[in-house]
Structures are given as structure tokens and as C-alpha cells.
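The values are calculated or read from the model by the stated rules, or taken from the named source; none is laboratory data. The structure presented is a predicted model; accordingly, all values stated were derived computationally and were not measured. Cβ coordinates were reconstructed from backbone atoms using ideal geometry, including for glycine residues, and neighbour counts include every protein chain displayed.
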Amino acid sequence: MEKPLNWRSQRWLAREDFRSFNHRSRFMQMGYEEQDWAGKPIIAILNSWSEFNPCHQHFRDRVEDVKRGILQAGGFPLEMPTMSLNDAIVKPSALLYRNLMAMEVEEMIRCHPVDGVVLMGGCDKTTPAMLLGAISAQVPAIFLPAGPMLRGHSRGQTLGSGSDAFMFWDERRAGRISESTWEGIVGGIARSPGTCMTMGTASTMTAIAEALGMALNGSSSMPAVDAGHRRMAARCGRRIVEMVGEDLHPGRILSRDAFLNAIVVAMAMGCSTNAIIHLIAMARRAGHADVGLDDFDRISREVPVLANIRPNGDSRYLMEDFHYAGGLPALMTRLSRHLRLEALTVTGQSLGENIREAQIYNDEVIRPWDRPIYAEGALAVLRGNLAPDGCVIKPSAMSERFLKHCGPAVVFDDYPSLKQMLDDPQADITADHVIVLRNAGPKGGPGMPEWGMIPLPLKLVREGVKDMLRISDARMSGTSYGACVLHVAPEAYVGGPLGLVRTGDLISVDVAARSIHLDVDENTLMRRRAEWISPPPRYARGYGRMLLDHILQADQGCDMDFLLTQAGPAVGEPDIF
Ligand code: FES
């Protein structure tokens with residue numbers, strides 16, 4: 001390979017000055033010598049492996065496959081650890097730390113002699129965090145999805161991450177399953193490395209990475225423990241070396257069309273509601289501030305849910321089945337009339353070229369247009385006096401009865417008081433009431449915890465109630481289901497109208513009309529607004545304090561305001577040291 005002079009790594013290693021002497025000597029301290037780096041792009045492998053992250057267990061080994069691919073293609077691989085966020089373990093909310101991880105990814109790329117990057121992520125927030133960082137760093141980058149775990153299993157029953165945990169938890173609360181059955185579920189619902197295998201946030205976001213063109217075609221549904229996952233990892237390694245030669249950085253891939261493609265795919269997948277927050281954040285980082293809630297709602301009306309993956313559809317299928325049915329390239333062949341097929345991808349080819357030979361192997365898992373899982377897309381955006389800047393509901397995973405509903409509010413200012421009511425077998429509540437939880441948004445939560453799928457009150461669970469209307473400024477897990485209105489913006493904590501609701505007020509939701517309304521006259525609302533007192537800040541110092549000062553609302557993607565400015569290409573950094 002001819003030695004290019006414009007690689008970033010050359011500035012560290014190829015010059016005849018004192019700084020370069022130091023860099024070369026420190027590389028030699030690690031046992032390398034000139035043959036390792038001379039004339040080769042340095043590829044950083046950003047690995048979010050951690051012993052606190054069960055979804056990324058296999059990354060400690062998988063990185064060796066990536067290195068193999070990089071070496072085969074003539075690159076010089078160096079692994080770099082990053083933060084690791086496991087959605088099931090991090091408290092109070094992994095979203096709280098998404099921006100911190102994104103900043104770390106960006107800065108670690110920026111401050112090292114890196115020509116190209118392989119991003120190893122997959123557990124919910126790690127995907128958008130890594131992509132956000134790579135977008136701002138603007139060096140060639142390819143995303144390597146962790147891949148879904150195997151189907152859950154216990155006592156002859158298939159189990160799906162999250163969705164079945166919620167369902168069986170309600171059964172346990174109602175006393176309808178034994179302790180030993182419960183223990184079987186605890187040990188069987190997550191039984192291999194990999195990400196949640198339902199259509200939760202992890203599966204949604206890795207599919208989005210592929211639809212955006214930032215991951216190899218077919219990579220997002222590859223099961224984590226499949227030998228094909230190792231081969232795909234090596235392909236990522238080979239491809240990133242070529243991408244450096246082509247200067248194929250995220251700015252060339254992430255056009256507005258790429259984001260619209262990702263929304264189309266998300267809707268057809270029956271995506272997690274979290275997709276909205278992360279996609280808007282990524283689009284804004286990439287300079288497309290015009291991608292917003294209205295794009296989601298418009299595309300949702302045009303594109304049906306075709307992927308039959310829990311918690312959508314008939315609950316028979318999980319990500320493993322989706323992969324065997326042809327995976328995302330196969331689904332995209334069914335969506336091609338709505339996709340911008342000329343969009344460029346990490347393969348160096350267009351999306352249309354990538355999926356040209358894809359086939360569908362199971363019409364039950366990837367449904368045809370005339371037999372969709374849900375006739376419209378997965379999500380709907382509601383607006384009204386209770387959510388002037390919008391809120392979100394998932395009609396494809398709720399009871400039809402609540403698509404249009406009016407009921408009296410039962411209001412909670414915090415989770416502990418809500419929990420007290422939920423556990424009270426004598427609670428004064430019916431299935432027609434509307435539970436309101438507030439102060440659970442980006443600043444109030446803080447970090448918008450996934451409290452939005454508020455458990456049904458014990459009293460109603462015992463009566464056999466399966467769904468009711470719940471409203472919050474929180475998020476919910478992508479594996480959740482039910483008539484849950486989420487992401488109410490602006491949040492109560494910053495003075496949004498959700499903070500003005502009182503128990504007994506009537507609230508109406510009409511999904512077809514995309515409306516949400518608090519039936520209280522304007523004079524009363526003005527009086528309540530004048531009486532409203534801003535809650536004290538959640539953090540006095542540290543990262544939490546910075547987040548509170550700068551995080552944007554849900555409709556703007558929850559990014560930090562100071563990260564929105566385009567950083568410009570990393571090759572244009574001041575080269576003064
Ligand atoms: Fe990691 Fe669900 S907890 S993907």
C-alpha cells in the first residue's frame with residue numbers, strides 16, 4: 001500500500017521531530033516496531049466489554065476476530081476500552097450516561113493516532129453513544145453490533161427478554177405462578193451472551209445502525225454466539241481498512257436520506273419508543289436539525305409493522321427467528337418503495353446494491369404488505385395542551401380499547417408514592433382511570449428512567465385487568481407494552497403542563513387524531529402555573545450537574561446543547577502540538 005501523507009496517525013508517528021520520536025519510542029515500548037505501523041492505517045477498536053455488561057460478554061474474545069480482519073487487510077489494530085452501559089444493571093438510567101459515553105468515544109478518537117474506528121456496541125445506549133461520538137469525531141467508522149442472545153427458555157416455554165419478565169412478574173404478584181416456576185424464568189430468560197432478543201431498544205438501535213448505513217448489511221440480527229458473528233467481526237476489520245483508503249467517514253454516509261431510511265425501517269420493525277430520542281439526537285449531530293417528531297409520525301402513517309417479533313405480533317418469534325427469515329436486508333426488500341436506495345453505506349455501495357440479492361425465507365416472521373402485524377407504523381406522536389412539544393405512544397403494542405379514551409387522572413409526583421399505590425390491594429382505582437407519573441423526564445428523573453410502563457395496580461391485576469392508560473415524561477423499555485404515553489415534552493420538572501395536572505382532572509387521548517388533552521380551563525391552568533414551584537436540582541456537582549445544565553428535552557433527542565455544533569472533520573483539528 002502506498003504511504004499516504006494525510007492519515008491522522010502520520011502526525012504522531014511519521015515526523016522527524018521530538019514529539020514523533022516520543023510517540024515511536026512509546027509504541028516500541030509496547031513491543032511494536034516500524035513494520036507494524038509504517039504505511040498502515042491505525043485502526044482503533046473501541047470495545048465496550050465489561051464484566052458488568054452481560055450483553056457484551058463475548059466482546060473480550062470477539063475483538064480478536066476484528067484484529068484478524070484488520071491485519072488481513074493491511075491495517076494496524078489497537079484495542080481501546082470504552083465505558084460500558086448495561087441497561088439492566090446501570091441505575092438510575094443508562095440514558096443518563098449516553099452522552100457521557102458519546103463524549104468519551106469522540107474524545108478518545110480525537111486525542112489518539114487513529115485513522116479508522118471499529119465501534120463494538122449493542123446493549124441499548126451503547127449503540128447511539130458510539131455513533132454519536134463517531135459522528136462528531138468524523139473519522140471513518142464502522143459499527144459492529146453485539147448481536148442478540150439466544151431465545152430464552154424455561155420448562156418447555158420460549159421466553160423473550162423484558163416482555164416476558166413483565167408478564168410473569170404480574171402473574172407472580174397475582175399469586176398465579178409458583179416460586180420454582182419463577183426461579184426457572186429468572187435463570188432461563190437470558191441464557192447466552194448477546195443483547196435482548198425481543199424487539200427492544202437494543203434490536204431497534206442495531207437495526208437502525210444498519211439502516212443508516214453504519215453497519216455491514218445483515219450484521220444487526222446475527223446471533224452473538226453464531227460462528228457467523230465471528231466472521232462478520234473479521235469482515236468489519238477488513239472493511240474499515242478499506243474505508244480509510246476511501247475516506248469514507250460518517251459525514252459521507254449520514255445524509256438526511258439515511259435518517260429517513262432508518263425511520264422507515266424502525267417503523268416496520270415495530271421499534272422501541274427509544275428510537276425516537278436516539279435518532280433525533282444522531283440526526284442533529286450529523287447536521288440534520290430538520291429530522292424530528294413529525295417525520296416519525298408521517299412515516300408511521302405510511303409504513304406498517306411487518307416484523308413479527310415480540311412484543312409485537314403474535315409473540316411467537318424473536319430476533320433469532322428474524323435472522324433465519326433473512327434479517328434486515330430481507331425486510332428492506334419489502335420496504336424498498338419507501339427507502340432512498342441510493343444512500344451510501346459502509347460497504348462503499350448503496351443501500352439498494354446491498355439488498356439486491358436478499359431473500360425472505362419466512363413470511364410469518366417478515367410479513368407481506370397485505371398481511372401486516374399492524375396496519376400503521378409502530379409509534380404515534382400525540383400533541384395537545386398536555387404535551388405542546390409532543391409525546392409518544394406505541395399503538396402496535398397496546399389494547400385497542402385505549403386508542404381512544406377519556407378518564408380521571410390519578411397523579412404521582414415520584415416513583416415511591418406511585419409504588420405505594422400499585423402495591424395496595426385496596427387502592428381506589430379502576431381500569432378507566434389514567435395514571436400520571438411526573439418528574440421522571442430528562443432532568444426530573446434524572447435521565448428519563450424507563451418507568452413509563454407503569455406496572456398495573458395489584459388490585460387490578462387480581463381482577464384480571466391487562467391494560468390501562470398511563471402517562472409520564474419518562475421512557476419505557478423497548479420490550480415493554482401497554483397503553484403508555486411517554487416522553488411528554490416539556491417535562492414536568494422544567495414547568496411543562498404535566499406538572500399542573502391534579503388527581504380527578506379528565507384526560508383524553510385519541511391516537512387516530514394524534515391528540516392528548518387535559519380538560520381543565522385555561523384560567524385554572526394559569527392559576528396552577530403561578531402556584532407551581534420548581535423542584536430542587538437533582539445534582540449539585542459532577543457529571544450530573546453538567547447534564548442538568550445542558551440536556552435537551554425528549555423531542556430534541558436529549559443531547560447536550562453544547563454538543564450540537566458540528567465539530568468538523570478531525571483531520572482539520574489544530575495541529576499545534
Ligand atoms: Fe443489554 Fe437488554 S440489557 S440489550
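Does L379 satisfy the condition of being of a type outside the set (S, T, N, Q), out of contact with any His (no Cβ under 8 Å at 6 or more places or on another chain) and at pLDDT 90 or above? Break it down stepwise before answering.
Working: of a type outside the set (S, T, N, Q): yes; out of contact with any His (no Cβ under 8 Å at 6 or more places or on another chain): yes; at pLDDT 90 or above: yes.
Judged against the criteria, L379 is a match.
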Name the single residue that is surrounded by the fewest Cβ atoms within 10 Å (Cβ to Cβ) among those in region 41-58 being in a strand (DSSP E or B) and under 19 Å from the mean Cα position of the chain (by Cα). N47
S25 vs (1) within 16 Å of the ligand (Cβ to nearest atom); (2) part of a helix (DSSP H, G or I); (3) not aromatic (F, W, Y): all pass except (1)
So which helices (runs of 4 or more DSSP H) stay within region 191-261 end to end and still have 1 or more residues that are on the phi > 0 side of the Ramachandran plot and of a type in the set (S, T, Y)? none
Residue list for region 140-173, filter: over 21 Å from M232 (Cα atoms) and touching a helix residue (DSSP H, G or I) at 6+ places or on another chain (Cβ under 8 Å): G152, H153, S154, R155, L159, D164, A165, F168, D170, R172, R173
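Taking the residues in region 59-100 that are of a type in the set (A, V, I, L, M) and assigned to a helix (DSSP H, G or I) as candidates, determine which candidate is farthest from the ligand (Cβ to nearest atom). Before you say what the answer is, go through the steps one by one.
Initially, region 59-100 is screened for residues of a type in the set (A, V, I, L, M), giving 63, 66, 70-71, 73, 78, 80, 83, 85, 88-90, 94-96, 100.
When the remaining residues are screened for being assigned to a helix (DSSP H, G or I), the result is 63, 66, 70-71, 95-96, 100.
Numbers: V63: 18, V66: 20, I70: 26, L71: 30, L95: 13, L96: 15, L100: 18 Å.
Result: L71.
Please work out which residue is farthest from the chain's Cα centre (by Cα), limiting yourself to region 407-449 and to residues that are of a type in the set (G, A, S) and in a loop (DSSP other than H, G, I, E, B). Talk me through it step by step, then tell me what you get.
Step one: of region 407-449, the residues of a type in the set (G, A, S) are 407, 409, 417, 427, 431, 440-441, 444-445, 447.
Applying the additional criterion that residues be in a loop (DSSP other than H, G, I, E, B) yields 427, 431, 440-441, 444-445, 447.
Numbers: A427: 35, A431: 31, A440: 18, G441: 17, G444: 20, G445: 18, G447: 14 Å.
If we take residues in region 407-449 being of a type in the set (G, A, S) and in a loop (DSSP other than H, G, I, E, B), then A427 is farthest from the chain's Cα centre (by Cα).
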Restricting attention to strands (runs of 3 or more DSSP E) lying wholly within region 101-160, give those where 2 or more residues are within 16 Å of the ligand (Cβ to nearest atom) and buried (at least 23 other Cβ atoms within 10 Å of the Cβ). 116-121, 141-145
Pairs, please: C-beta under 7 Å, at least 6 apart or cross-chain, first residue over 19 Å from F21 (Cβ atoms) and among the hydroxyl-bearing types (S, T, Y) and in region 35-59, second in a helix (DSSP H, G or I) and within 16 Å of the ligand (Cβ to nearest atom)? S48/H56; S48/F59; S48/T126; S50/H56
With (1) at pLDDT below 95; (2) of a type outside the set (D, E, K, R); (3) closer than 30 Å to A190 by Cβ as the list, and F59 as the residue in question, which single condition is left unmet? (1)
Residue within region 490-506 that is assigned to a strand (DSSP E or B) and more than 16 Å from the ligand (Cβ to nearest atom) present: yes
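For region 161-190, name all the residues that are on the phi > 0 side of the Ramachandran plot and more than 12 Å from the ligand (Cβ to nearest atom). Walk me through how you get there before you give the answer.
Narrowing region 161-190 to residues on the phi > 0 side of the Ramachandran plot: 162, 175.
Residue satisfying the conditions is G175 alone.
Output the residues belonging to region 191-214 that are of a type in the set (G, A, S) and away from the ligand (no atom under 16 Å from the Cβ).
Step one: list which residues in region 191-214 are of a type in the set (G, A, S), which gives 192, 194, 200, 202-203, 207, 209, 211, 213.
Within region 191-214, A211, G213 qualify.
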Restricting to region 390-436, name every residue that is aliphatic (A, V, I, L, M), under 30 Å from P536 (Cβ atoms) and touching a residue at least 60 places away in the same chain (Cβ under 8 Å). V392, A409, V410, V411, V434, V436
